[in-house]
Each structure stands twice: as C-alpha cells, then as structure tokens.
Amino acid sequence: MKLSNTNQRRIIIEELRKLDTHPTADELYIIVREKIPQISLGTVYRNLELLSKKGQILKLELTGKQKRFDGNIENHYHLRCTKCGRVVDIEIDDMLEIDKKLNELVDRLSLDGYRLELSGICEICKTEK
Ligand SMILES: [Zn+2]
Ligand SMILES: [Zn+2]
C-alpha cells in the first residue's frame, strides 16, 4: 500500500511531536521508517522543509551543526550541550525579555533576524560526572 503525501506528512509531524530531542532529518528518518518502511530520506527531508516553511514545525539552525527540527512551535529556547551535543528545551523568563528587545532591534535596523542559542553543559551531563 502506498501512502499519500498528506498521510506521510501527518506521520512525520506526529513522530516529530513525540520527541523532545530535536532530531536531525536522518534521525527522524530512522524513526519514521518504522511506520512507513518504503519512505526515503529525501522524502522525509523534503517534508520537513515544507512543514517548517508552513510554520507547522520549527527548523533550528544551530551553530556549526546539521539542521534540527522541533515539533514544538511555541516560543521557547534551546541549550546546546557542548559535551554530548544534545539540544534541550529551556525555559527562562529573562529570555523572553531579551527576545523582545532583539525583535525591536530587528525591526529598527531592518535585519533579517537573529538567533538565540545557549550553549553549555546539559542537566544529563551534569549529573553523569
Ligand atoms: Zn549533555
Ligand atoms: Zn525545542
């Protein structure tokens, strides 16, 4: 049985939303393949790009790494662990303030945008030492 594009896309979103690991296209492909064995990496990749253009998922352009995707489109921030490479969600109220200020700056200077990314050691690595 061949799944329609819409159904493939629905499964891709569903699987992505179950994760809080911000997978790369390759990582998500391995998971989605369990549900749709005939799907190709290219299809997963194309759908992820399309979904992020439509604003249904987030594409995270983090420094020097492969693109990662996030099923959570709420305003939130990320910490990139310098030890294990995980990207974890982080909630700090102060970040909202900074974000607001940067947004104003973007408007004022007509910039394309900006990226707020925290880097450091994640909770898991902290407890693992
Ligand atoms: Zn870590
Ligand atoms: Zn996130």
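No lab work stands behind these numbers, since they all come straight from the coordinates. None of these values were measured; they are calculated from a predicted model. Cβ sites come from the backbone with ideal geometry, for glycine too, and all protein chains shown count toward neighbours.
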Total charge dipole magnitude, segment 1-73, about the Cα centre, Cβ charges on Lys, Arg, Asp, Glu only, Debye to nearest 20: 260 debye
Enumerate lysine pairs in segment 1-73 that are 8 or more residues apart or on different chains, then count those whose Cα atoms are under 22 Å apart. 10
How much length is gained on full extension from Lys100 to Gln56, taking 0.36 nm per residue of separation minus their Cα-Cα distance? 13.6 nm
Per the Kirkwood formula over distinct C-alpha pairs, the hydrodynamic radius of segment 1-73 in angstrom is 12.1 Å
Among all the aspartates and glutamates, which ones have a C-alpha under 17 Å from Lys126's C-alpha, if same-chain residues fewer than 8 places away are not counted? Asp89
Once the Cα gyration tensor of segment 75-129 is diagonalised, semi-axes √(5λ) in Å: 28, 11, 7
Quick one: order Asp26, Asp112 by neighbouring beta-carbon count within 10 Å, fewest to most. Asp112, Asp26
Assigning unit charges at the beta carbon (Lys, Arg +1; Asp, Glu -1) and nothing else, what dipole magnitude in debye, to the nearest 20, does the chain show about its Cα centre? 680 debye
Only counting other Cβ atoms within 10 Å, I'd like Tyr29, Tyr114 sorted with the fewest neighbours first. Tyr114, Tyr29
If you take the charge dipole of segment 80-121 about its Cα centre, with +1 on Lys and Arg Cβ and -1 on Asp and Glu Cβ, which of Asn103, Ile90, Ser119 is farthest toward its positive end? Ser119
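For an R0 of 25 angstrom, estimate the FRET efficiency from the Cβ-Cβ distance between Leu3 and Glu27 and round to the nearest 0.05.
For Leu3 and Glu27, the calculated efficiency is 0.75.
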